[in-house]
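Okay, structure first, notes after.
The values are calculated or read from the model by the stated rules, or taken from the named source; none is laboratory data. Given the structure is predicted, the values throughout are model-derived calculations rather than measurements. Here the Cβ is made from the backbone with ideal geometry for all residues, glycine too, and neighbour counts use every protein chain on show.
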Amino acid sequence: MFWQRCIMQIPNLKISDLIAKVPIVQGGMGVGVSLSSLAGSVAKNGGIGVISGVEIGFNEPDYFLNKKEANLRSLKRHIKKAKKISNGGIVGINLMTVLNNFEELVKESIKEKIDIIFSGAGLPLGLPKLTKGSNTKIVPIISSAKAAKIICKNWDKKYDIIPDAIVVEGPKAGGHLGFKKEDLNDKNINLVNIVKDVVNIIKPFETKYNKSIPIIAGGGVYDGKDIGNLLIAGASGVQLGTRFVATKECDASEKFKKNFINCKSDDIVIIKSPVGMIGRAISNKFLNSVSSQDKTPKRCIANCLKPCIPSKAPYCIAEALINAQKGNMDDGFAFAGANAYKVNKIIPVKTLINNLMEETTYYLKNH
């Protein structure tokens, strides 16, 4: 491959003693969009594959009867399967701090020797306590330099450690966003600027521990130009979610993937989630009925997120995302990044990664 001949242009992504040949992290996408098939395939091809731990047991036959057991059983199964597919590659798991079973899932993931735990949707201040004594790396997901400083100060003071890496998600990401709605149109609040701010804010902690904290930049990253600009800005790697949905190995249904292939730029909308946060998704009949207030509060099927108040929610977000994953888009929807409308075909993971690396190599050679 062309990019492999020019590998000196693109650095490996080093997270402590883990080395990914390709500086790409596949974002964790729930419910069930990134499970063992996608995560394992990304890891096999040199990147870091990430399983989403959100209601991971939704396909288990006893999910509605024994949700806790179903989720833990499925978690173990998918980690084992992803590691087998990866053939020695790096496999991580995304566990949101707002999950009601967050601590249990962290502990179970460590037992299965997961390589990395990525954690956002809140500040994972207590995560080091759960991973102490393990070889699992811990990587918080944040959206500002302020959040990065809070985490570093807290972990330094309480646990005498700093993050193994930090994922910085910008305002163009898909899913729930760590920004106010009015910030999304502020040109000064962009991923490159946030990365630069985070790089500066963590320097004192890197100096104290004589250890680098790699920055992984995500949110609207689409092609080699985007990757190149972020590497130049100081990121050590990038995180992509949307691009990996349109791959043959993605765990979601074909109907789910075709939503990305068929959507237009006007279809990418900002919604208000039942958990009180804003998010970016692909508009459809389901979301239109929500915005027109046709939906009424209903029974919670999952009790998955701490901030959710089922009696006030217009719909159960877990149920909607599970429906969508299975292809029932009339009763669900897909979260997506700002550039989802650019996706025009479904390709293998290997092809996508090779294309991205060739584009990045070309861009870096000419800038």
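The figures follow:
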| quantity | calculated |
| --- | --- |
| Count of the stretch 93-110 residues which are hydrophobic (A, V, I, L, M, F, W, C) and assigned to a loop (DSSP other than H, G, I, E, B) | 3 |
| Filtered residue count, the stretch 260-290, keeping only those that are part of a helix (DSSP H, G or I) and within 17 Å of A173 (Cβ to Cβ) | 3 |
| Test for F205: is it surrounded by fewer than 24 Cβ atoms within 10 Å (Cβ to Cβ), of a type outside the set (A, V, I, L, M) and touching an Asp or Glu at 6+ places or on another chain (Cβ under 7 Å) | yes |
| Any helices (runs of 4 or more DSSP H) falling wholly within the stretch 1-92 and containing at least 2 residues that are closer than 16 Å to Q239 by Cβ | 36-44 |
| Contacts under 8 angstrom Cβ, first residue in the stretch 140-159 being crowded, with 17+ Cβ neighbours inside 10 Å, partner among the β-branched types (V, I, T) and part of a loop (DSSP other than H, G, I, E, B), 6 or more apart | A148/I202; K149/I202; C152/I162; C152/I202; C152/I213; W155/I161; W155/I162 |
| Within the stretch 39-74, considering residues that are within 22 Å of F335 (Cα to Cα) and hydrophobic (A, V, I, L, M, F, W, C), the one surrounded by the fewest Cβ atoms within 10 Å (Cβ to Cβ) | F58 |
| Matching option when the condition is surrounded by fewer than 17 Cβ atoms within 10 Å (Cβ to Cβ), small (G, A, S) and either without any contact (Cβ under 8 Å) to a residue 24 or more places away in the chain or out of contact with any strand residue (DSSP E or B) (no Cβ under 8 Å at 6 or more places or on another chain) (or both), among G122, G88 | G88 |
| Candidates N284, N288 - the one that is without any contact (Cβ under 8 Å) to a residue 60 or more places away in the chain, on the phi < 0 side of the Ramachandran plot and buried (at least 17 other Cβ atoms within 10 Å of the Cβ) | N284 |
| Residue within the stretch 102-118 that is free of Cβ contacts under 8 Å to residues at least 24 places away in the same chain, of a type in the set (D, E) and over 20 Å from A217 (Cβ atoms) present | no |
| Residues within the stretch 160-216 that are of a type in the set (D, E), in a strand (DSSP E or B) and at pLDDT below 95, tallied | 0 |
| Set N135, N200, N188: member being surrounded by fewer than 15 Cβ atoms within 10 Å (Cβ to Cβ), in the same structural domain as I79 (by TED's automatic domain parsing) and within 22 Å of the chain's Cα centre (by Cα) | N135 |
| Qualifying residue in the stretch 256-272 (condition: crowded, with 19+ Cβ neighbours inside 10 Å, at pLDDT below 95, within 28 Å of K68 (Cα to Cα) and in contact with a strand residue (DSSP E or B) (Cβ under 7 Å, 6 or more places away or on another chain)) | no |
| Unmet requirement for T242, which otherwise passes all of (1) farther than 26 Å from A334 by Cα; (2) touching a residue at least 40 places away in the same chain (Cβ under 8 Å); (3) crowded, with 21+ Cβ neighbours inside 10 Å | (1) |
| Residues (within 18 Å of F118 (Cβ to Cβ), polar (S, T, N, Q) and modelled with pLDDT of 95 or more) located in the stretch 75-100 | S86, N94 |
